[in-house]
Amino acid sequence: MYVCVCNAITERQVRAAVDGGAATLDDLQFELGVATCCGTCAATAVEYLPGGRCSSVCEVRTLTHAAAVPIADQSGAAANGFPIPVVAAA
Ligand code: FES
């Protein structure tokens, strides 16, 4: 996602700058040039700074998946004890 359309600066670039030590909008402007044209993106850019709304909430999280649960055993009986309905072919 672009944070700064005027300068084609992406969210990833802003996060990398913050990870590299940028702590103020001035830092982002100096390092990336964000918010140096129309300035519309300034409010969004500061949300990525430490303490900003996107500084931790928007982190990429690793998803975990529960182990697969069989729905039927090898005899065809439902693994949960409930009968599996059989539908006759027409
Ligand atoms: S959108 Fe960033 S300076 Fe215009």
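The values are calculated or read from the model by the stated rules, or taken from the named source; none is laboratory data. Note that the structure is predicted; figures quoted are calculated from it, not measured. All Cβ positions, even for glycine, are placed from backbone atoms using ideal geometry, and neighbour counts span all protein chains on display.
Okay, here's what the table says:
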| read-out | value |
| --- | --- |
| Output for the stretch 29-38, where each listed residue is in a helix (DSSP H, G or I) and either of a type in the set (Ser, Thr, Tyr) or within 10 Å of the ligand (Cβ to nearest atom) (or both) | Gln29 |
| So Thr44, is it assigned to a loop (DSSP other than H, G, I, E, B) and at pLDDT 95 or above | no |
| Residue match in the stretch 2-15 (condition: within 12 Å of the ligand (Cβ to nearest atom), among the aromatic types (Phe, Trp, Tyr) and at pLDDT 95 or above) | yes |
| Cβ-Cβ under 9 Å pairs, at least 6 apart or on other chains, the stretch 1-21 side more than 15 Å from Val46 (Cα to Cα), far side within 13 Å of the ligand (Cβ to nearest atom) and not in a loop (DSSP other than H, G, I, E, B) | Met1/Thr10; Met1/Glu11; Ala8/Tyr2 |
| Residue tally, condition in a helix (DSSP H, G or I) and away from the ligand (no atom under 12 Å from the Cβ), over the stretch 16-28 | 6 |
| Cys38 out of contact with any Leu (no Cβ under 7 Å at 6 or more places or on another chain), at pLDDT 95 or above and surrounded by 10 or more Cβ atoms within 10 Å (Cβ to Cβ) | yes |
